[in-house]
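Only one structure is covered here, and it is reproduced in the block below.
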């Protein structure tokens, strides 16, 4: 126990935390203001007449009119404050709250990287990233410090290690290892300058499939081991820049590169970025925070447990989506298909098919067809809308077919189940889902 306490709380040079604060602040500013400039805010919050929030957060809805533009602009301002270390605790707490609201407010554009940003923001709320080379330290010299507890470094290593490791384990499935899912994803990249045609070659699919699994599984131990650390850093830079160029995934490749800083010894970062700073002497005295140990332990336990929860549900998680989110299952499935909603009025036994274009964008319609929780939410929305028109007893049935990773399309939703009468049960498999024949 003493060794653990020393490893967590021994004072180390905080140069790595200062550098990462600047990188992190710049990237979250780019994420917020870039979402406005690229049209993401408009496509996600302004254009749709209906937004799919996480089921447990139905009250989280976009601001009316152009309100979301102001929302993201304010987020970017908080990002600048984080970068400069100005009113740091206020700025990072506000950005964390606002970004978490954005994340839970919509899932039509769900991305594992958005979830990772939520987690990193929460960690940044804990660490003292503004104790040096910040406006806070400049205005309050007594606040300045050139050290921080070692847990401030270790928690980032553990968090990104969990992400990579689970991402690698998830890739050990037939569709990824046979390159089927990779080939489908890369079809849309054929027009990329210089590399587009190469990405359509079978050998490129094998390199990406095997290389991607290898990277996720082994990059953490390679970065931890001193002998392979520089090689692993170079590999990480190449991997993330490749992803940025090919898949256009925003700030997150650069966040991945930036997080490599935590794997290098704190003194190495000091010598690289702050050559005039004196090294931190080894301290025999350090303060132990038992409550913080409990909090960090709970955090790690939660992060290790959440990606495993899909095993409590039957069938292929890539098909049913049950337990898919928050599990670091990245780029593993491509689903296409359609669904029609038949509405039955039992009062006069009349039926009609819903015109989804009246309520949903094309992207939302694709999500409704392939993601069961979004389909259920849309049915509940329809049920409420018809109730406003006096149709309080309608039955709604979903009829359609979906294909997973280029395979033959088959029914995902049971067409004989009235989804308007179904209650959502987050910890129980949905009985109205039909499983693939290979799962039966």
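The values are calculated or read from the model by the stated rules, or taken from the named source; none is laboratory data. Since we're looking at a predicted model, the values are computed, not measured. Backbone-built Cβ (ideal geometry, glycine too); neighbour counts: all protein chains shown.
Checked against the criterion of being in the same structural domain as residue 40 (by TED's automatic domain parsing), under 18 Å from the mean Cα position of the chain (by Cα), in a helix (DSSP H, G or I) and closer than 16 Å to residue 164 by Cα, the candidates 257, 210 yield just one match: 257. The numbered conditions (1) within 29 Å of residue 212 (Cα to Cα); (2) surrounded by 14 or more Cβ atoms within 10 Å (Cβ to Cβ); (3) in contact (Cβ under 8 Å) with a residue 24 or more places away in the chain; (4) touching a helix residue (DSSP H, G or I) at 6+ places or on another chain (Cβ under 7 Å) are all true for residue 304 except (2). Evaluating residue 97 against the criteria (1) touching a residue at least 12 places away in the same chain (Cβ under 8 Å); (2) more than 24 Å from residue 372 (Cβ to Cβ) leaves one unmet condition, (1). A single entry from 44, 38 fulfils the requirement of being surrounded by fewer than 16 Cβ atoms within 10 Å (Cβ to Cβ), assigned by TED's automatic domain parsing to the domain that holds residue 136 and within 22 Å of the chain's Cα centre (by Cα): 38.
Which of the residues that make up segment 351-369 are touching a residue at least 12 places away in the same chain (Cβ under 8 Å) and either over 26 Å from the mean Cα position of the chain (by Cα) or over 16 Å from residue 415 (Cβ atoms) (or both)? Correct list: 353, 354, 356, 359, 360, 361, 363, 364, 366, 367.
Does segment 225-242 contain any residue that is within 16 Å of residue 330 (Cα to Cα) and touching a residue at least 40 places away in the same chain (Cβ under 8 Å)? The answer is no, given that none of the residues of segment 225-242 is within 16 Å of residue 330 (Cα to Cα) and touching a residue at least 40 places away in the same chain (Cβ under 8 Å). Among the residues of segment 89-99, the one identified as under 16 Å from the mean Cα position of the chain (by Cα) and surrounded by fewer than 16 Cβ atoms within 10 Å (Cβ to Cβ) is 97.
Looking at (1) crowded, with 18+ Cβ neighbours inside 10 Å; (2) closer than 30 Å to residue 118 by Cβ, which is the one condition that is false for residue 363? Residue 363 satisfies all of (1) crowded, with 18+ Cβ neighbours inside 10 Å; (2) closer than 30 Å to residue 118 by Cβ except (1). Just one of the listed residues (250, 256, 315) is at pLDDT 95 or above and surrounded by 14 or more Cβ atoms within 10 Å (Cβ to Cβ), namely 256.
For segment 413-440, give me each residue that is in contact with a helix residue (DSSP H, G or I) (Cβ under 7 Å, 6 or more places away or on another chain) and under 14 Å from residue 369 (Cβ atoms). The answer is 413, 419, 433.
A search for C-beta distances below 9 Å between a residue of segment 276-295 that is assigned by TED's automatic domain parsing to the domain that holds residue 9 and within 18 Å of residue 1 (Cα to Cα) and any residue that is assigned to a helix (DSSP H, G or I) and at pLDDT below 85, counting only pairs 6+ apart in sequence or on different chains, returns 293/4.
Okay, residues lined up against (1) modelled with pLDDT of 90 or more; (2) surrounded by 15 or more Cβ atoms within 10 Å (Cβ to Cβ); (3) outside any helix (DSSP H, G or I):
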| site | (1), (2), (3) |
| --- | --- |
| 341 | yes, yes, yes |
| 344 | yes, yes, yes |
| 348 | no, no, yes |
| 424 | yes, no, yes |
| 428 | yes, no, yes |
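A single member of 57, 70 is under 30 Å from residue 364 (Cβ atoms), touching a residue at least 12 places away in the same chain (Cβ under 8 Å), surrounded by fewer than 19 Cβ atoms within 10 Å (Cβ to Cβ) and not assigned by TED's automatic domain parsing to the domain that holds residue 358, and it is 57.
Of all the residues in segment 385-402, those that are surrounded by fewer than 16 Cβ atoms within 10 Å (Cβ to Cβ) and at pLDDT 95 or above number 2.
Residue-wise test of (1) at pLDDT 95 or above; (2) part of a helix (DSSP H, G or I).
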position	(1), (2)
163	yes, yes
184	no, yes
196	no, no
199	no, yes
206	yes, yes
